[in-house]
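Just so you know, all these numbers are worked out from the coordinates, no wet-lab data involved. All values derive from a computational prediction rather than experimental measurement. Cβ placement follows ideal geometry from the backbone for every residue including glycine, while neighbour counts extend to all protein chains displayed.
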Amino acid sequence: MSIEGRLFGVLARADAAADAVVKTVAEAATENPADPAVDNPCTIRMADPAVIGRALRASRAHTLGVFACYERALGPAAMAVPYSTEINPPLWELGHIAWFQEYWISRNPQIRLGIGADSDAPRAPSLRPDADRHYDSSRVEHTARWRLPVADGAATRDYLDRTLDQTLQIVDDWPASTNPLRSLAYFGWLALVHEDMHGEAAIYMANSLSIALEASRPRAIGTDGSRPHAGSNCLEIPAGVRETGSGDAACAFDNEMPPQRTPLDTYAIDAVPVSNAAFAEFIEAGGYDQPRHWTPAGWVWRERCSPGWPRYWRRSGQRWEQRWFGAWEAIVGEAPVSNVSAHEADAWCRWAGRRLPRELEWECAALAYGPQAGMRGRGAFAWGEVWEWTADAFEPYPGFIPHPYRDYSLPWFGSRRCLRGASFATQARMRYLRYRNFFPAERNDIFAGFRSCPR
Ligand SMILES: [Fe+2]
C-alpha cells in the first residue's frame, strides 16, 4: 500500500463521527485507488499533464482530510493554535497553499518558460484581494501570521476550490513536453510538491499539537533484530567517482542541480536507521549528562531545551513510551528512533564511536543498495520511515542557479542541516533519493532519525 493509502486508511478509520469533509476524503480514496503513475517519484518528475492533474487532486484530498481532523480537534471556529516557531496557524497554512498555486499557475504571466520565468514579473490580481498581503510566505513574518485577519474555514476552502479549478483547467490544456523544466509543466509539478510538503507538515504539526490522526508510526525496516551500531549490518561502498545530484531531463529542485561527479573513498554505512532500542541504550548509559558526547552547540541545546531524553519520550516503569498524536504508547525497540534533533544524533554517534554519514554518502548508498536498485531485505539499504540527519550543512552544489521560487533554497544555505530520505508521512511521489531536505539542527518535531557510519 502506498503511503498515501496508509494515511487515507487512517483518516477513514478516524471518521467514526463522519463529518462531511472526512466523508469526502474517504470517498476520494475509494474513487481513486492506488495510481502507480501518481505515486511514482520518477514518473511525477516528468510532469505529464494528465498525471499532474490526478496528483493535484489526490494531494488536495489529503490536505483537506488532515485539516478536517484539525477542525474536529480544535472546532471549526477555533482553528487557532498557540504561537510556536515550528508551526503555522492551520487556516493560514491552508490559505497559503491556495495562494502559492494561484501565484505560480493562473497568475503567472511567464508560466510557459518554466525555470526560465522571471519570478518578479507582475502578476494578475488574485481571486482574493487580501491574498498577497496575507499568504505570501516571503513577505509575511512568521509571528504576524497569528495576528492576520485571515479568511474563515468556509472562505478558505472556497479559495482552495476555485484556485484548484483554475489550475486544472490550465493543466487540461497542457501539451506534454519533452523538456518539463522549461515548460509550464514545471509549475504544475512545483505546486504539487509544495502542497505535498505542507501535507507532511500538517501531520507533524498535528503530532506536536496532540491532534489525533491515528496515523501509523515509523515501522521497523530492513532489520532482522541485529544491532546496526555494532557494525553487524553495515554495507561497504567501494571507492569511485559517483554521479550525484539531478540533471535537467526532468523536474528537479534547484538545490539538487547541477549534477556532480563526486569522488568518494571506500566507506561503510548502516543498512538501517538507528533503532529506538539502540537510542535507549544511550540514555540509560547517561549519554544526555556527559558533555563529552555533545558538540559545543549541541551541549548548549541540551542544557536549554532537552529533558534528558527525546522530546516525546517518557519513562513508565521499566519501559519507555512515546507520545504519538496525543496518545502515549510503548516504544517499539526495532523501529527507527524518530523526533530527535541533529544534536541528539551527533551525540549518539560520538557515544557509540560512530559518525553521521555525509549526505552524498547517503545518496550513493541508496543508489547502490536501495529499493530503486532492486535491493530488499538483509543486505539492502532500507530507508523511508524517518528522515535522516546527515553530517552536512545545507549548501549549494557548485554551479547552483536559483529557480524562480527563489526562497525555496537560497535563504537557507549555511544555516540548516541536510536530511535525506523520507518519513512514513511523506507522499510516495516525494520519495526520491536525490531529494535534499533541510531543517535547523535543533528541530525535533519533524519525523527525523539517523543512521551511522564507522569512524
Ligand atoms: Fe509554502
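A few notes on this one:
- For the chain, share of DSSP beta bridges that run antiparallel, in % to the nearest 5: 95
- A Förster radius of 35 Å, combined with the Cβ-Cβ distance separating A327 from T143, puts the computed FRET efficiency at roughly 0.70.
- Per-selection Rg to Rh, segment 282-439 - Cα, Kirkwood hydrodynamic radius: 0.98
- Per-pair calculated FRET efficiency, R0 = 41 Å: Q290 and T43 via Cβ, rounded to 0.05: 0.25
- Secondary-structure-derived ellipticity at 222 nm for the chain, considering helices only, amounts to -11500 deg cm²/dmol, per-run term -39500 (n - 2.57) for DSSP H runs with n ≥ 4.
- Net +/- balance of residues flanking R147 in space, Cβ distance below 15 Å, scoring K and R +1, D and E -1: +1
- Extension reserve of the R355-R133 stretch, reckoned as 0.36 nm per residue once the Cα distance is removed: 75.4 nm
- Rg/Rh for the chain, where both radii come from Cα atoms and Rh is the Kirkwood radius: 0.95
- Crossing angle, helix 20-31 versus the chain [Cα axis fit, 0-90 degrees, rounded to tens]: 80
- Dipole axis of segment 234-454 (+1 Lys, Arg; -1 Asp, Glu on Cβ), positive-most option in W348, L367, T244: W348
- Taking Lys and Arg as +1 and Asp and Glu as -1, the other residues whose beta-carbon sits under 13 Å from that of S137 total -1.
- The label point for A124 and the one for D407, both projected 7 Å from the Cα toward the Cβ, are 2.3 nm apart.
- Angle in degrees between helix 90-104 and the longest Cα principal axis of the chain, rounded to the nearest 10: 60
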